[in-house]
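Participant: Handing you a structure now.
The values are calculated or read from the model by the stated rules, or taken from the named source; none is laboratory data. All of these numbers come straight from a predicted model, not from anything done at the bench. Cβ placement follows ideal geometry from the backbone for every residue including glycine, while neighbour counts extend to all protein chains displayed.
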């Protein structure tokens, strides 16, 4: 077997037609789940990116491990609710610790974040090792889920109406909740993100808004990645907003752009994964990365290809006669 | 479909250190712990020697480079690079189709450098902030790596790959060759930092200034990133991708709390890194092959917790103590000021101030007020004993009272004259700043306001020179020359 066999042959039929002909029900739910997760993460992530907190999602996704292990140890069940609560508590504790270290010492937020999440993760792994006998917990299935393994056998039926599999309904509910919250507090949220001082003067407590944002982030991360995997959540908190902010300066446009990026990467990632026979979540991220790369290159005002190189001013030799500084146009 | 799903099983590798080395804690009796400790400390076991040497080197190397990362506010660059090496490792494996350490190492370094390059490119060419750029590199590269890894799973040869040990390795699994590589990387980093210390220092703290000096700031930045990439790649085997970030950040952040001098910070950071490495290996050895990485990280975090609480100047306890002292001083100074105001209202005719009137003016409940009077007496700013009807200020207390009132009124005058505030808007501001103004600032204010006598509300601004003269504390000096403020 040669190296090239690693990349499976591309055929339109296998990649684009067969999935929808033979496995439409499975793939529909997976694509929809990808869309839900990406949109929800993108909406929350827009504000995180603006507040220089893009990596908090990454930190939370690692630091909930001890919460899950302890919740599992106490409840001795793989039911979702206790694990969800444990993860949420750990997420809250993480955010609190980061804030506390940042406020009560001269450690910068990024260093505080690194210290906290690595400590939590280390504790989680040690607990997993110690409880290995008494805890029948697959860290991989809880922590590092894969969207391809989406459990579909657990349908939610409300008043005789089939709504969909449980994880999807939950993620959909989270998305609707985020949209409702956004509609309610859009103005204060934007204000507090751009000008915390003005927000405080006008009576919108930025602390309260910050706390609310962190709570929404924790809920989104925890409910998403049990079924889709950490990599998708962490990446989708950052890629869609970063793409949007390269293309536009208007908040509503960036927020709406999230949905577009979400749709493209969910569908594109699914088909890429089918072609390459690789992880679906990772492929969705790759597509989102490609979309970001395109925006980075081609953005009308900020694209690499459109950007003017900065003025070059000779610094080194102060005695030299001033040369013309030219701007290639 | 199943082919597409199979790779997900590989995500299991993230939990590999935990599962590969599961130990039963209940097996560990006291004697075995003791035996293990002795065995460790005598360094009889060559595995222990290698693991210990590796962890110490790693601690020194990461501590050294971490110091630069922390002061450059790029703390999480280590984390991003640690994740970004994944595609390189996959590529290295793909190249040789065996777990050839050299190929994996080269692949990892190349991918790490690519990650660092993209990071710099995003930072330089877009308006996106550092954290966003780090997140993009981290998750983007990692996703590409996962795609490659899951594709490799379809390859018949990948059964023996064991890539996860490279990514989520054990310090106990280090080979003497790995340790030699670590020694080379550590030595190289030490050498470069020693040679270019001044340049690196300047460009880390003030890039703009360094550029004006003609330093190649960008080149130095790339140099540090290259060294960091080497350090991350050699650390991966001992602590795993997720926890490398801690080795870079935690010892450096701890050292940052302990000192204000950068060379001392580097020294402490290396020391703390080595200590955490040694302690982590020791603890994991006690537990009979518990995973090493988490224990190293936990040891580093414990050091950080200690420094966070007890550090001499920047620790939580000291900060709280300082805050409390400052609050007490402010309360006392406000009481002194009120005494001054009461005496002023009576034309300075009486020496003492009635206790009841003072309490009414301050509006404090009995318990707080009594405590305040006691504290004033204890600082020798006033004389008062329980049962006394009047409070008398000592000379020192009176000077202090005058100084606070002077600060207050000077500031009010400054705001109305120089900053064009209306006179009824200046009181609250002055109320805050009267405790903070230093003597040098007061001199400047006086000079700028041409040594005023009255504040905007027409009240006299006390002149300490006159008072000191009348109290006989200092010989008379002309007003313009200034005077000493009692501390």
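Participant: So which of B:468, B:380 is at pLDDT 85 or above, under 26 Å from residue B:350 (Cα atoms) and out of contact with any strand residue (DSSP E or B) (no Cβ under 8 Å at 6 or more places or on another chain)?
Facilitator: None of the others qualify; the one that does is B:380.
Participant: For segment A:244-270, what are the residues that are crowded, with 18+ Cβ neighbours inside 10 Å and more than 24 Å from residue A:190 (Cα to Cα)?
Facilitator: A:264, A:265, A:266, A:268, A:269, A:270
Participant: Quick check on segment B:299-313. Is at least one of its residues within 14 Å of chain A (Cβ to nearest Cβ) and farther than 25 Å from residue A:120 by Cα?
Facilitator: Scanning segment B:299-313 turns up at least one residue that is within 14 Å of chain A (Cβ to nearest Cβ) and farther than 25 Å from residue A:120 by Cα.
Conditions (1) closer than 30 Å to residue B:38 by Cα; (2) part of a helix (DSSP H, G or I), marked per residue:
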{"residue": "B:252", "(1), (2)": "no, yes"}
{"residue": "B:256", "(1), (2)": "no, yes"}
{"residue": "B:264", "(1), (2)": "no, yes"}
{"residue": "B:290", "(1), (2)": "yes, no"}
{"residue": "B:307", "(1), (2)": "yes, yes"}
{"residue": "B:312", "(1), (2)": "no, no"}
{"residue": "B:323", "(1), (2)": "no, yes"}
{"residue": "B:337", "(1), (2)": "no, yes"}
{"residue": "B:342", "(1), (2)": "no, yes"}
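Participant: Picking from B:382, B:367, B:375, which residue would you name as being free of Cβ contacts under 8 Å to residues at least 12 places away in the same chain and not assigned by TED's automatic domain parsing to the domain that holds residue B:454?
Facilitator: B:367 is the lone residue from the list that is free of Cβ contacts under 8 Å to residues at least 12 places away in the same chain and not assigned by TED's automatic domain parsing to the domain that holds residue B:454.
Participant: Out of B:231, B:238, report the one residue that is away from chain A (no Cβ under 14 Å), under 26 Å from the mean Cα position of the chain (by Cα) and surrounded by 24 or more Cβ atoms within 10 Å (Cβ to Cβ).
Facilitator: Selected residue: B:231, the only one of B:231, B:238 that is away from chain A (no Cβ under 14 Å), under 26 Å from the mean Cα position of the chain (by Cα) and surrounded by 24 or more Cβ atoms within 10 Å (Cβ to Cβ).
Participant: Would you be able to tell me the number of residues in segment A:294-314 that are outside any loop (DSSP other than H, G, I, E, B), within 9 Å of chain B (Cβ to nearest Cβ) and modelled with pLDDT under 90?
Facilitator: Qualifying residue count for the region: 0.
Participant: With B:301, B:235 as the choices, which residue is assigned to a helix (DSSP H, G or I) and in contact (Cβ under 8 Å) with a residue 60 or more places away in the chain?
Facilitator: B:235
Participant: If you take the residues in segment A:78-132 that are facing chain B (nearest Cβ under 7 Å) and outside any helix (DSSP H, G or I), which one is nearest to residue A:170 (Cα to Cα)?
Facilitator: Only one residue tops the list, namely A:132.
Participant: Looking for something outside any helix (DSSP H, G or I) and crowded, with 19+ Cβ neighbours inside 10 Å - is there at least one such residue anywhere in segment A:6-15?
Facilitator: no
Participant: Still on this model: Surrounded by fewer than 24 Cβ atoms within 10 Å (Cβ to Cβ), modelled with pLDDT under 90 and closer than 19 Å to residue A:288 by Cβ, is that true of residue A:50?
Facilitator: yes
Participant: Here is a further query. Look at segment B:344-358 and say how many of its residues are within 48 Å of the chain's Cα centre (by Cα) and part of a loop (DSSP other than H, G, I, E, B).
Facilitator: So the count comes out to 0.
Participant: Need at least 1 residues that are at pLDDT 75 or above per element, so show me which helices (runs of 4 or more DSSP H) inside segment B:1-82 make the cut, counting only ones lying wholly within it.
Facilitator: Hits in segment B:1-82: B:30-41, B:46-71.
Participant: From the list B:317, B:283, exactly one residue is within 25 Å of residue A:111 (Cβ to Cβ) and surrounded by fewer than 17 Cβ atoms within 10 Å (Cβ to Cβ). Which is it?
Facilitator: Of B:317, B:283, the one residue that is within 25 Å of residue A:111 (Cβ to Cβ) and surrounded by fewer than 17 Cβ atoms within 10 Å (Cβ to Cβ) is B:317.
Participant: Of all residues in segment B:83-98, which are in a loop (DSSP other than H, G, I, E, B) and either outside the structural domain of residue B:238 (by TED's automatic domain parsing) or within 38 Å of the chain's Cα centre (by Cα) (or both)?
Facilitator: Matches in segment B:83-98: B:85 only.
The rows are residues; the columns are (1) closer than 30 Å to residue B:395 by Cβ; (2) in the same structural domain as residue B:48 (by TED's automatic domain parsing); (3) over 19 Å from the mean Cα position of the chain (by Cα); (4) touching a residue at least 24 places away in the same chain (Cβ under 8 Å).
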position: B:251; (1), (2), (3), (4): no, yes, no, yes
position: B:258; (1), (2), (3), (4): no, yes, no, yes
position: B:270; (1), (2), (3), (4): no, yes, no, yes
position: B:284; (1), (2), (3), (4): no, yes, yes, yes
position: B:296; (1), (2), (3), (4): no, yes, yes, yes
position: B:323; (1), (2), (3), (4): yes, no, no, no
position: B:335; (1), (2), (3), (4): yes, no, yes, yes
position: B:338; (1), (2), (3), (4): yes, no, yes, yes
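Participant: Could you tell me which residue of segment B:241-276 is surrounded by the most Cβ atoms within 10 Å (Cβ to Cβ), considering only residues that are away from chain A (no Cβ under 14 Å) and within 28 Å of residue A:65 (Cα to Cα)?
Facilitator: B:274
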